[in-house]
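Report on the following structure.
The values are calculated or read from the model by the stated rules, or taken from the named source; none is laboratory data. This is a predicted model, so every value here is computed, not measured. With ideal geometry, Cβ positions are generated from the backbone for all residues, glycine too; neighbour counts draw on all protein chains shown. Surface areas here come from the heavy atoms of the whole protein model, side chains and all, with no ligands, DNA or RNA. Shrake-Rupley method; radii C 1.70, N 1.55, O 1.52, S 1.80 Å.
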2 protein chains.
Amino acid sequence: MLVSALLTSLGINSGLCVLFFILYSILRNQPSNYEVYVPRLLVEGNSKRRSHFNLERLIPSTGWIKRAWKLSEEDILSSSGLDAVVFMRVITFSLRVFSFAGIIGVFVLLPVNCMGTQLHEIDFEDLSNNSLDVFTISNVNSGSKWLWIHFSAVYILTIFVCYLLYHEYKYISSKRIAYFYSSKPQPRQFTILVRGIPVSVGSSVSESVESFFTEFHPTTYLSHMVVRRTSKLRSLIETRAAFVSFKSRYGAAIAFHIQQSINPIQWITELAPEPDDVYWPFFSSSFMRRWMSKLVVVVACILLTILFLIPVVVVQGLTNLSQLEIWFPFLKSILTITFVSQVITGYLPSLILQLFLKIVPPIMEFLSSIQGYISHSDIEKSACNKVLWFTIWNIFFATVFSGSVLYLVNIFLEPKDIPAKLAVAVPAQASFFIAYVVTSGWTSTASELCRIIPLIYSLVTRFCKSTDELEVPSLPYHRDIPRILFFALLGITYFFLAPLILPFLLMYLCLAYIIFSNQFKNVYMPKYETAGKFWPIVHNSMIFSLVLMHAISIGIFTLKKLSIASTLVFPLPVLTLLFNEYCRKRFLPIFIAYPAEVLMKKDKEEANDPAMAEFFDKLVTAYQDPALLPIRYSVNSNSLNSPLISSADV
Amino acid sequence: MLVSALLTSLGINSGLCVLFFILYSILRNQPSNYEVYVPRLLVEGNSKRRSHFNLERLIPSTGWIKRAWKLSEEDILSSSGLDAVVFMRVITFSLRVFSFAGIIGVFVLLPVNCMGTQLHEIDFEDLSNNSLDVFTISNVNSGSKWLWIHFSAVYILTIFVCYLLYHEYKYISSKRIAYFYSSKPQPRQFTILVRGIPVSVGSSVSESVESFFTEFHPTTYLSHMVVRRTSKLRSLIETRAAFVSFKSRYGAAIAFHIQQSINPIQWITELAPEPDDVYWPFFSSSFMRRWMSKLVVVVACILLTILFLIPVVVVQGLTNLSQLEIWFPFLKSILTITFVSQVITGYLPSLILQLFLKIVPPIMEFLSSIQGYISHSDIEKSACNKVLWFTIWNIFFATVFSGSVLYLVNIFLEPKDIPAKLAVAVPAQASFFIAYVVTSGWTSTASELCRIIPLIYSLVTRFCKSTDELEVPSLPYHRDIPRILFFALLGITYFFLAPLILPFLLMYLCLAYIIFSNQFKNVYMPKYETAGKFWPIVHNSMIFSLVLMHAISIGIFTLKKLSIASTLVFPLPVLTLLFNEYCRKRFLPIFIAYPAEVLMKKDKEEANDPAMAEFFDKLVTAYQDPALLPIRYSVNSNSLNSPLISSADV
């Protein structure tokens, strides 16, 4: 790709971004669009639906940009919870990493690359006609001493990222504990989900639970609620699962942590989600069924990953003009126009890819939902992981090797050759990924601002219904976190190969910071709270990016005939993985369950709180499937111990 | 290798076995050897040191064989504990597997192999001059339909082994629970080890423990004992570790299962071993130090594995006569004698290998001991695992590929080609491994009976000391379990390749059953009890053997141009691994810690037992380092809370 093609893409996308910003600045001032752009403020009563017209509304306002930029972490924490804070910290973390990397990359590595003559000397007179490859490491002469600068850069960046990762993990851990301390009593803190409840002949599930927990947890057991599902005959049946509530958080934790039954696949305990976070539709209580559905989902994910490669490969073919001319000969005359060809090579491929990728998060969310998770937040967390690895595999590796599925799988069956193959293939795709950052990063983030689909939906439905309840959306973390992490992976792996990518990445991160700050303030409201459980995914992804960078650098230095450097890189991935292992031991347990110290302190604080009695009253009936709620009004106070089958048969 | 060479080896080893049996039958009747052959009976007072001579003592008695064979599981359980039962069940399990496999192998597969003409037709007239290869699958013609019999055999054996594994795991789990129910109160059941105790300025470790557990476990906390080490200045210092005892088993389990502190690397809890099982010398309490020593040990194990290959390769060279003649030309005349050459090819290599292997278990035990385990039993369990994988790698893979270290490592870096390479190399070594079973299996198991080294030691020391306390040895599980498992691996992998190995293996297992039964009865006394924790190692090893067999069969069927069969084997490893995963979920938790149900039932049973008060009194001082015991007599009743430094400085 030539510099001019990149500039074209840059021009189009900058234009689009500015357009989106102006459009948003005008549209958000129109009271009729408040439901789309400030639903949160509407619901909270901070903004009223005015309908009188004035001219001011047509002048784009830019004050929101400043307000969004200045939004503090405390504001986000109090308004959108810890998950939003973690999300914003992913962006600020990346900003820090790539500011540092950008300085080294642009002011040190880039000049070194340009000075090389391996490919061809840079043509300063007609800069836009240079191939982008002269800015990459490919242009540094083989065996050149200058490569030691790249070598040092790899070491310095790794140390810097690990240092930041450690402090970030520590900070978010402490935030998580602080968040727990400051939280009001929540049903989930006192409740566990028990599955695989064995039932002896002649007794009900409810009786079985009651007798088990009064026997083994006599002092802490409070109440339980058997999960009921509608069977095919439309009658209610008791599943062998129940939400069991305790009188203290510590009591619930004890029952959760210790294996209850001699048979480990009976009385399986799990932390309960918040009542409105429970995912009811696919509530399977049998151990084998959940295990099987998990297996099926894993297979489905692998199949999806393999099949998805086909459109990606076709899209990659589009960047190749001569291939296109062979396929569609009638386009030949159009393709010879410089501007058209530049649009096609610089912009279209990543746009099409982008559209394909749009459907992945919902699919992954669906797969996670049938995998046996009991809460929306767990489903989202699992989907986030799936989308991340899907993106890395299908965008990064498929683009880099742009080969068939079999070729790609083959590469990973010969782990020894991976560095060498990466070293050849990764730098070659530098220009594609620079264009990808600009297209996919800039434009689609800016389009997030305008919320085009909700806007259209609002315009269409405006005339049909009027006084409906306004639903405030929540940010789909499983869509946006993997995207940011993927850009971070691109940044880290291309940092020493093609540092030209870094300024574009920084621009993207700034955009993302402003836009998501603004959207958290005005649009999104959290539906549930994982209290920072997304961070371990972020951490793992960063570690993977680092190790990938090390693998590529080993290959590159071998390829560039500097095998001492190649050997000296070896300790780096080992140390990085050891660092990761240390972090897993030092921080991860805090993200799985709260420690005894914290639980007991919190319990003691509230021991004499008169409000707790009322809370426990509510807790007893908190875990009801909302779909079955009408039945709730008909049950008597003894409902906990009598199955609802009879009343449901009516 | 020719049949005659195998027959020679067979002759020598059978002779040796018979010799050992006769020798043992005579020696054990000599009262002067009672300390060597029946130390256990001596200690228990069932056998007295008689010294009057009679002629009967010189006539070999065979009654012990019958008694050993008839020893029931209950006898072993009551006399040697559950670990001995598990050990014997490894043998009986293998006996069942290979009886079944033997019938299929000898009566179905062996005739099919002999009928083939791929290598050469079998020479029935001069049977002993046939190469052993005609009895292997290599002799079956490529593409032959007869190979479907081997294919079916692979499926049938896998199903049979998995079925047995499931029932065995289930049986041993239930035995483990029953053993716990029937056990007397033991200090370890009420105690946990706490490490990484943070100490605030001006307070001691002991004070820190006291205040933490009285705050967070007020109802169950009983007492604690800070671990003290001798520093370089020979004064006692408190480490940041303590044994903390509780008033109930359930109380200890709660403290063990729940992360105590906000910082997961402080207040780390571990199940305590029995007081006399504690391994004091290398008691490191710092998280980082233990982590580092673990890493160092892992690296050391890898290095040992790599360096060990050198003598193995040399030994392998000995089986090659022409190579030997080149190295030692002066031996040429001797090597041409048939008998000598047969001894060298059939017997010497495995004997030398055997001697080398003898030093491995102590080395691995040493490595495990510095890895940070706190009990002898954990060290032995870890050493058992290390020795097993060491043996599989260094005997199986090194022999099979008989190449350099780099070649061997290379194979595992190209996982795709493993089946193909195995298919070529494994059948070629069939005769070596048959000889190995006979030499290493038969003779060294029979030599276990005679306890040659303890016998010599006893003869030497007899005249130096006389009235010393008799020490009853315990069976080194980390030496013998891996050996049996390795033979099982050989049996499973060679079952369909060279079924001729199976009768020899069955013979070995029968020998092992009789000999170890006898030794448990007369010689070994358990020093500590893991209550069956060795079984998961056995289970994993069997699963690995099955998957290895599948990998080889995939390669073999491809090599034999029956690629449909090769494809149809694919589901087998997947299903086997799924089965293993299921077993991990279904049974493994029982082997890690006891469930709440069991603990509470046991606690309740003893709640009103007047003997418990006495037990708790003893429990308070149970965890004392025996090396520091003299000091114990000088401490007053308040010793628990006052550090011993002052008294130790004296």
Looking only at the stretch B:178-218, count how many residues are in a loop (DSSP other than H, G, I, E, B), of a type in the set (Val, Ile, Thr) and in contact (Cβ under 8 Å) with a residue 60 or more places away in the chain. 1
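Inspect all residues belonging to the stretch B:491-500 and state whether any of them is touching a Pro at 6+ places or on another chain (Cβ under 8 Å) and assigned to a helix (DSSP H, G or I). I'd like the intermediate steps shown before the answer.
Step one: of the stretch B:491-500, the residues touching a Pro at 6+ places or on another chain (Cβ under 8 Å) are B:497-498.
If we keep only those that are assigned to a helix (DSSP H, G or I) as well, we get none.
Scanning the stretch B:491-500, I find no residue that is touching a Pro at 6+ places or on another chain (Cβ under 8 Å) and assigned to a helix (DSSP H, G or I), so the answer is no.
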Residue A:619 being modelled with pLDDT of 75 or more, more than 14 Å from chain B (Cβ to nearest Cβ) and part of a helix (DSSP H, G or I): yes
Any chance residue A:91 is open to solvent by 20 Å² or more (accessible area, probe 1.4 Å) and of a type in the set (Val, Ile, Thr): no
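The rows are residues; the columns are (1) farther than 23 Å from residue A:501 by Cβ; (2) over 20 Å from the mean Cα position of the chain (by Cα).
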{"position": "A:401", "(1), (2)": "no, yes"}
{"position": "A:409", "(1), (2)": "yes, yes"}
{"position": "A:413", "(1), (2)": "yes, yes"}
{"position": "A:421", "(1), (2)": "no, yes"}
{"position": "A:432", "(1), (2)": "no, yes"}
{"position": "A:437", "(1), (2)": "no, no"}
{"position": "A:443", "(1), (2)": "no, no"}
{"position": "A:452", "(1), (2)": "yes, yes"}
{"position": "A:455", "(1), (2)": "yes, yes"}
When the stretch A:367-376 is examined, which residues are found to be closer than 19 Å to residue A:483 by Cβ and surrounded by fewer than 22 Cβ atoms within 10 Å (Cβ to Cβ)? A:367
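Could you please let me know if residue A:477 is away from chain B (no Cβ under 14 Å), free of Cβ contacts under 8 Å to residues at least 24 places away in the same chain and farther than 29 Å from residue A:345 by Cα? Write out each step before concluding.
Values: away from chain B (no Cβ under 14 Å): yes; free of Cβ contacts under 8 Å to residues at least 24 places away in the same chain: no; farther than 29 Å from residue A:345 by Cα: yes.
In short, no.
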Filtering the stretch B:245-290 down to residues that are modelled with pLDDT under 85, among the aromatic types (Phe, Trp, Tyr) and under 25 Å from residue A:170 (Cα atoms) yields B:287
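Of everything in the stretch A:224-237 that's surrounded by fewer than 21 Cβ atoms within 10 Å (Cβ to Cβ) and touching a helix residue (DSSP H, G or I) at 6+ places or on another chain (Cβ under 6 Å), which residue is farthest from the other protein chains (Cβ to nearest Cβ)? Step through it out loud before you land on a result.
Here is the first cut: in the stretch A:224-237, the residues surrounded by fewer than 21 Cβ atoms within 10 Å (Cβ to Cβ) are A:229-237.
Narrowing the set further to residues that are touching a helix residue (DSSP H, G or I) at 6+ places or on another chain (Cβ under 6 Å) leaves A:235-236.
Values: A:235: 32, A:236: 30 Å.
Selected residue: A:235.
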Hey, does the stretch B:160-174 have a residue that's within 14 Å of chain A (Cβ to nearest Cβ), in contact (Cβ under 8 Å) with a residue 60 or more places away in the chain and among the hydrophobic types (A, V, I, L, M, F, W, C)? yes
Taking the stretch A:589-599 and keeping only residues that are more than 7 Å from chain B (Cβ to nearest Cβ) and buried (at least 18 other Cβ atoms within 10 Å of the Cβ), one is left with A:591, A:594, A:599
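Among the aromatic types (Phe, Trp, Tyr), part of a helix (DSSP H, G or I) and either open to solvent by less than 10 Å² (accessible area, probe 1.4 Å) or modelled with pLDDT under 80 (or both): is that true of residue A:487 in this structure? Give the derivation first.
On the way: among the aromatic types (Phe, Trp, Tyr): yes; part of a helix (DSSP H, G or I): yes; either open to solvent by less than 10 Å² (accessible area, probe 1.4 Å) or modelled with pLDDT under 80 (or both): yes.
For residue A:487, the condition - among the aromatic types (Phe, Trp, Tyr), part of a helix (DSSP H, G or I) and either open to solvent by less than 10 Å² (accessible area, probe 1.4 Å) or modelled with pLDDT under 80 (or both) - is met.
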Which pairs do you get when a residue that is in contact (Cβ under 8 Å) with a residue 40 or more places away in the chain and outside any loop (DSSP other than H, G, I, E, B), found in the stretch B:587-604, comes within reach of a residue that is open to solvent by 10 Å² or more (accessible area, probe 1.4 Å) and hydroxyl-bearing (Ser, Thr, Tyr), reach meaning Cβ atoms under 6 angstrom, with the pair 6+ apart or on two chains? B:599/B:250; B:600/B:250; B:603/B:248; B:603/B:250
Go through the stretch B:192-223 and report how many residues are of a type in the set (Asp, Glu) and either within 14 Å of chain A (Cβ to nearest Cβ) or over 23 Å from residue B:254 (Cβ atoms) (or both). 1
Among A:531, A:551, which is the only one that is among the aliphatic types (A, V, I, L, M) and under 30 Å from residue A:186 (Cα atoms)? A:531
Failed item in (1) open to solvent by less than 10 Å² (accessible area, probe 1.4 Å); (2) over 21 Å from residue A:544 (Cβ atoms); (3) of a type in the set (Val, Ile, Thr); (4) more than 24 Å from the chain's Cα centre (by Cα), with residue A:379 passing the rest: (4)
Only one of these conditions is not met by residue A:580: (1) touching a residue at least 60 places away in the same chain (Cβ under 8 Å); (2) crowded, with 18+ Cβ neighbours inside 10 Å; (3) out of contact with any Asp or Glu (no Cβ under 8 Å at 6 or more places or on another chain). Which number is it? (1)
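Just name the residue that is farthest from the other protein chains (Cβ to nearest Cβ) out of those in the stretch B:253-290 that are of a type in the set (Gly, Ala, Ser) and under 18 Å from residue B:208 (Cα atoms). Please lay out each step first, then the result.
Narrowing the stretch B:253-290 to residues of a type in the set (Gly, Ala, Ser): B:253, B:255, B:261, B:272, B:284-286.
Pick out the ones that are also under 18 Å from residue B:208 (Cα atoms) and you get B:255, B:261, B:285-286.
On the way: B:255: 8, B:261: 6, B:285: 16, B:286: 13 Å.
The qualifying residue farthest from the other protein chains (Cβ to nearest Cβ) is B:285.
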Please indicate, with yes or no, whether at least one residue in the stretch A:511-527 is at pLDDT below 90 and more than 18 Å from residue A:75 (Cβ to Cβ). yes
Please give the number of the condition residue A:303 fails out of (1) out of contact with any strand residue (DSSP E or B) (no Cβ under 6 Å at 6 or more places or on another chain); (2) within 14 Å of another protein chain (Cβ to nearest Cβ); (3) closer than 24 Å to residue B:582 by Cβ. (2)
Could you tell me which residue of the stretch A:540-574 is least open to solvent (accessible area, probe 1.4 Å), considering only residues that are free of Cβ contacts under 8 Å to residues at least 24 places away in the same chain and part of a helix (DSSP H, G or I)? A:566
Residues that are at pLDDT 75 or above, more than 14 Å from chain B (Cβ to nearest Cβ) and within 32 Å of the chain's Cα centre (by Cα): does the stretch A:308-329 have at least one? yes
Does residue A:102 satisfy the criteria of being open to solvent by less than 30 Å² (accessible area, probe 1.4 Å), within 30 Å of residue A:496 (Cα to Cα) and modelled with pLDDT of 80 or more? yes
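From the list A:198, A:187, which residue is more than 25 Å from residue A:289 (Cβ to Cβ) and open to solvent by 10 Å² or more (accessible area, probe 1.4 Å)?
On the way: A:198 fails: more than 25 Å from residue A:289 (Cβ to Cβ).
Result: A:187 is the single residue among A:198, A:187 that is more than 25 Å from residue A:289 (Cβ to Cβ) and open to solvent by 10 Å² or more (accessible area, probe 1.4 Å).
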Do we have any residue at all in the stretch B:150-171 that's of a type outside the set (Phe, Trp, Tyr), open to solvent by 50 Å² or more (accessible area, probe 1.4 Å) and under 30 Å from residue B:614 (Cα atoms)? no
